[in-house]
1. Can you give the FRET efficiency to the nearest 0.05 for residue B:49 and residue A:264, using r as the Cβ-Cβ distance and R₀ = 45 Å?
2. Quick check: Cα centre of region A:96-165 to Cα centre of region B:134-199, how many Å?
3. For a quick size check, give me the Cα extents of the protein assembly as shown along its three principal axes, largest first, whole Å.
4. Taking a point 7 Å out from Cα toward Cβ as the label site, list the nm distances between residue A:236 and the same residue in every other copy, smallest first.
5. Sort region A:188-292 into rounded, prolate or oblate with this rule: let a ≥ b ≥ c be the square roots of the eigenvalues of the Cα gyration tensor; rounded if a/c is under 1.5, and if a/c is not under 1.5, prolate when a/b is larger than b/c, oblate otherwise.
6. Just to be sure I follow the rule: in the protein assembly as shown, considering lysines 8 or more places apart or on different chains, how many pairs have Cα atoms under 26 Å apart?
7. Using the scaling law 2.2 N^0.38 Å as the reference, what is the normalised Cα Rg of region B:196-256?
8. How much net charge surrounds residue B:70 when only other residues with a Cβ under 15 Å from its Cβ are counted (Lys, Arg +1; Asp, Glu -1)?
There are 2 protein chains.
Amino acid sequence: MSRELCPPRLSINQGTIKYADLATALRVTAEAGIEAIGPWREPVAEVGLDTAAKMIADSGLRVSTYCRSFTAGERAAVLDDNRRAIEETAVLAAAGAAGSTPVLVLVAGGLPEGSRDIAGARERVRDGVGALAEDARAAGVTLAIEPLHPMFASDRCVVTTLAEALDIASDFDPHVVGVTVDTFHIWWDPQVLDSIARAGRERRIATYQVCDWRTPLPADVLLSRHYPGEGVIDFASLTRAVMDTGYDRDIEVEIFNQDVWDDAPANVVSRTVESFRKTVSPHLTTPVDSVG
Amino acid sequence: MSRELCPPRLSINQGTIKYADLATALRVTAEAGIEAIGPWREPVAEVGLDTAAKMIADSGLRVSTYCRSFTAGERAAVLDDNRRAIEETAVLAAAGAAGSTPVLVLVAGGLPEGSRDIAGARERVRDGVGALAEDARAAGVTLAIEPLHPMFASDRCVVTTLAEALDIASDFDPHVVGVTVDTFHIWWDPQVLDSIARAGRERRIATYQVCDWRTPLPADVLLSRHYPGEGVIDFASLTRAVMDTGYDRDIEVEIFNQDVWDDAPANVVSRTVESFRKTVSPHLTTPVDSVG
């Protein structure tokens with residue numbers, strides 16, 4: 001696919017091509033004319049941080065986010081690991097092309113084993129973010145709290161709405177703690193447009209991510225994400241709401257789906273380009289490529 | 001099980017013993033010493049309304065709710081069928097023992113085929129409720145709008161939070177339009193306790209229903225409901241919040257779960273009694289049996 005055919009501001013989240021190693025992910029993304037990528041920690045760890053940074057620099061791609069940090073687990077170990085993730089985010093974003101954004105996506109985690117105290121778990125998220133904020137500030141990294149769909153509230157993420165993520169973020173500097181706006185997780189929320197507008201006013205939208213929701217859900221609901229346009233999400237209203245806040249960064253497509261993962265990475269990237277062009281691009285303003 | 005061992009205010013929602021016909025459902029419920037039941041339309045239709053009313057009267061049980069009405073579908077047919085459901089609710093609640101409550105649970109329905117307009121679908125719910133309100137008032141029946149978990153937003157119910165259900169109900173008299181508070185659907189909501197308090201202030205809690213949430217979810221997430229105490233829901237805080245509003249009606253246990261459905265109805269009822277006694281009864285005030 002020629003470079004001029006690729007829609008501006010599209011970024012491939014590496015979770016969409018989960019089985020591709022970093023070299024493959026960078027290659028198929030660049031070959032499709034896409035200008036940005038959101039790498040994951042595991043494929044970076046496979047080659048080592050220094051090598052990963054060099055590979056990203058050589059690719060010419062922007063880095064849009066790094067996935068991911070978390071707050072659940074044994075506190076000291078969680079903080080140590082997240083501090084490494086913050087440092088990795090800074091290194092990789094610095095290695096990326098101009099317009100890269102040092103954003104570390106934060107998925108809080110679910111309830112501790114045997115716990116029924118979701119309010120307490122939410123307080124521990126706030127505490128965990130607080131414990132990492134100074135490290136993030138020092139590294140110039142934004143922690144992007146991601147609300148996950150409420151069907152993951154018990155086992156993956158006790159933060160379930162954008163409003164809740166903003167409430168946690170409100171204790172901190174917007175450059176240090178923001179939010180992830182992912183259509184899949186929040187499309188159903190009757191307050192979603194108001195919450196996006198609030199996130200904009202509070203300068204919290206660190207990253208906008210897109211994929212679609214469709215039923216029936218697969219047996220593993222984690223893998224129920226689809227190419228934009230294949231489900232019921234109204235990308236027009238959500239994307240315009242994000243654009244109306246002045247959001248001017250890359251937009252990631254992040255799909256967890258066994259069929260997508262089983263497809264060849266180059267095919268997946270090609271289909272992602274087509275779906276993004278049809279469903280997201282028509283609603284964009286202020287393209288990032290003007291800063292590239 | 002002797003009658004004095006059964007916890008007050010427990011009602012068996014017939015969906016919990018889905019494969020039991022009405023006669024069996026009434027018999028196993030009464031034999032367990034339980035004083036109330038929430039019948040479903042299908043088993044009532046099997047015997048006919050008049051016979052069902054006589055069977056319920058003979059059982060000595062209270063009727064706590066009738067399940068269910070809806071707003072999705074071809075408008076004239078939906079209204080006709082719901083008017084029949086309203087009439088059935090009035091007849092069955094009148095046939096039930098003293099303390100019966102003429103409550104028709106309303107599950108709105110999902111998005112129309114091919115639609116991405118959830119805001120529009122929500123407006124049609126308001127419209128549908130409005131079209132039925134006069135019939136409900138005339139019959140002395142309360143329509144209890146039930147918010148369903150957001151994982152059902154596209155295919156079963158576009159009303160996803162208690163606040164949203166209350167916003168729709170607010171156009172109507174609380175005797176005519178209330179809400180269903182079901183722990184399974186709303187436990188994750190960061191605003192749940194505030195919304196329950198609001199529902200109480202606005203005199204909207206037509207029925208309180210309980211079952212538990214546990215992961216991993218089964219392949220069909222509709223069937224992911226469990227006996228209270230087997231999952232992560234904090235029945236103490238939710239039940240106390242409902243009691244603090246002055247709620248004095250029966251409390252239904254409604255479980256959709258293939259393993260529960262495959263069990264013998266008498267066993268299911270016995271396990272329901274035990275789970276209710278342990279997880280819900282300790283948090284109750286103002287027992288209904290004082291009016292029975």
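The values are calculated or read from the model by the stated rules, or taken from the named source; none is laboratory data. Just so it is clear, the model here is predicted, and its values are computed rather than measured. Positions of Cβ are backbone-derived with ideal geometry, glycine not excepted, and every protein chain shown enters the neighbour counts. Quick note on the areas: whole protein, heavy atoms, side chains included, nothing else; ligands and nucleic acids left out. Shrake-Rupley method; radii C 1.70, N 1.55, O 1.52, S 1.80 Å.
1. 0.15
2. 29 Å
3. Sorted from largest, the Cα extents of the protein assembly as shown read 81, 51, 40 Å.
4. Here the equivalent label points are 5.0 nm apart from this one.
5. Oblate, because a/c is 1.5 or more while a/b does not exceed b/c.
6. Lysine pairs, 8 or more places apart or on different chains, close enough: 4.
7. Relative to the 2.2 N^0.38 Å estimate, region B:196-256 comes out at 1.25.
8. Within the 15 Å Cβ shell, the charges total 0.
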